[in-house]
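Values quoted throughout were computed directly from the atomic coordinates according to the rules given, and no laboratory measurement underlies them. What you are looking at is a predicted structure, and each value in this text was computed from that prediction instead of being measured. For neighbour counting, all protein chains shown are included, and Cβ atoms are generated from backbone atoms with ideal geometry for every residue, glycine included.
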C-alpha cells in the first residue's frame, strides 16, 4: 500500500558542528525551528561524520565507509574530476526508489564533479537541482548570489540573476513535495543545502547587503555566519510549515543532520561561556561530531534523546527499515538505529569509523585509535585534543587498544 509508506524529508546542513546547536549547549546562534524539531522528535547526542564534505555525503548515501565506497577525499579541485562515487555503489535513494518512492535532491551534490561525471540519476534520484562547482570551461562558480545551478541536467541561467541560491533550491524542493503530496505518492525529498558553508556572505535577511561582491574563491566575512545559520533555520521552518499546510506532517519522517564540523575560522560559545573553535578537516570531535534530529509525529517520542553512538553509514539501513525498503545486495557497514527511534534498546554500535584520505580512526565512548596505532582519550568538545599514548591508565588503555585494533582488523582495507 503506497499511501501507507511514510514520506521522508531529509535536511543536510553544510558544515555545522554540534556546538552550533542550542539544544546541545551552544549559545552563540539562535535556531528556533531546529530547536522546535528537536522538541518534537529525538535528538542523537553522539552522531559522527567524516571530517570533510564529499566522504561524509558518500558514507551517508551508500552506508559504506570511504575505503569501501572509493570517495576518500573532498572534491575541491579540477584535478579531481575523475574521482567520483560510482553508480555501482549502494544508495539509499535507489533502495527507496525501488520500493516505490519518488526521489529528489536539491542543493549540493559533491559526490562527483558534475561538469565531467553526473551520477545523480544513476544513484537513484529522479529529479534534482544542484549547484555545480565548475562550469563547462572548468572555472569555479558561485553558490549563493546568482548561483550556477543545474536542473535535471540543464544549466538554468536566466532565472538565477540576482537571486539567492538557497531560495531557488528551496523553491524547487517544496514544489516537488507539493506535487508528490497531490499525487499521494510516497517521496524522499533530500535538501542538501549549501548553508552555512563559506563564502560567508549576506543572506536576503542580512542588515548589511553591500558586501555582495562575487569574488570566487574568497571565504567571505565570518560576521555573516550567524545570518546564514539563521537563514538555514528559517528555511527549515518553511519546510515544516509546508508539511503542515499539506496535511502530511504526521506521515513524514524529518531527518536533520550536518555533513561535518564547523570551519576552523569560526568560534562559537558553549554553555558556561566556553569558546569552541570549529574543527572541520580534523579527526577530532570538533571536526566530526554533528547534530542529528529525527521527527515522526506519533511514532517518535517528543523531546527524547538517544546517547548511542551513530555514524553516517547507519542512515541507509535505518531509512530502509522505517520505509519498508529492502537493503542493497552489496555489503554495507551501517547498522539500523530504527529500534531506538521507537524507544527500544536496539543493537547500538560500540564504535564509529572516521576517515579522510588514508587517515582512519575508530572511536568508542572513551578512546580513539588511528591507523598509525596512536591511541587518544576522548575529551569534551570544549577541551583540547588529548595527546597520543598518554599512558595514564595503562590497563584501560591496553584493553581499548586491543578492542579497537580488532575493529580495524575486522573491517580490512
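Taking the highest mean first, how do the peptides 387-397, 133-143 order by number of other beta carbon atoms within 10 angstrom per residue?
133-143, 387-397
Kindly rank 124-132, 43-51, 337-345 from highest to lowest mean number of other beta carbons found within 10 Å of each residue.
Final packing ranking: 43-51, 124-132, 337-345.
Among rounded, prolate and oblate, which fits the chain when a ≥ b ≥ c are the square roots of the eigenvalues of its C-alpha gyration tensor, a/c under 1.5 means rounded, and a/b larger than b/c means prolate?
rounded
Report the FRET efficiency, 1/(1 + (r/R0)^6), for residue 275 and residue 208, where r is their Cβ-Cβ distance and R0 is 22 Å, rounded to 0.05.
Given R0 = 22 Å and the Cβ-Cβ separation, E is 0.35.
Sorted by mean Cβ packing within 10 Å, highest first, what order do the peptides 83-89, 106-112 take?
With the highest mean Cβ count within 10 Å placed first, the list reads 106-112, 83-89.
Just how far, in whole angstrom, is the stretch 309-336 from the stretch 98-139 if you go by their alpha carbon centroids?
21 Å
Shape of the stretch 60-144 from its Cα gyration tensor (a ≥ b ≥ c, root eigenvalues): rounded if a/c is under 1.5, otherwise prolate when a/b > b/c, or oblate?
oblate
Add -39500 (n - 2.57) for each DSSP H run of 4 or more in the chain, then divide by its residues: what number comes out at 222 nm, to the nearest 500 deg cm²/dmol?
The helix contribution divided over the chain gives -7500 deg cm²/dmol.
Hey, fewest Cβ within 10 Å first, where do 36, 372 land in order?
372, 36
Got the relative contact order for the stretch 45-88 handy, in percent, Cα pairs under 8 Å and 6 or more residues apart?
31 percent
Counting other beta carbons within 10 Å of each residue's own, what order do 370, 384, 76 fall into, fewest first?
Fewest to most other Cβ atoms nearby, the residues stand as 384, 76, 370.
Which of the three applies to the stretch 1-108, rounded, prolate or oblate, going by the alpha-carbon gyration tensor with a ≥ b ≥ c and a/c under 1.5 meaning rounded?
oblate
How much FRET efficiency would the formula 1/(1 + (r/R0)^6) give for residue 331 and residue 378, where r is the Cβ-Cβ distance and R0 is 22 Å, rounded to 0.05?
0.20
Could you give the nm distance between label points at residue 157 and residue 245, where each point is 7 Å from its Cα heading toward the beta carbon?
A separation of 3.2 nm, rounded to one decimal place.
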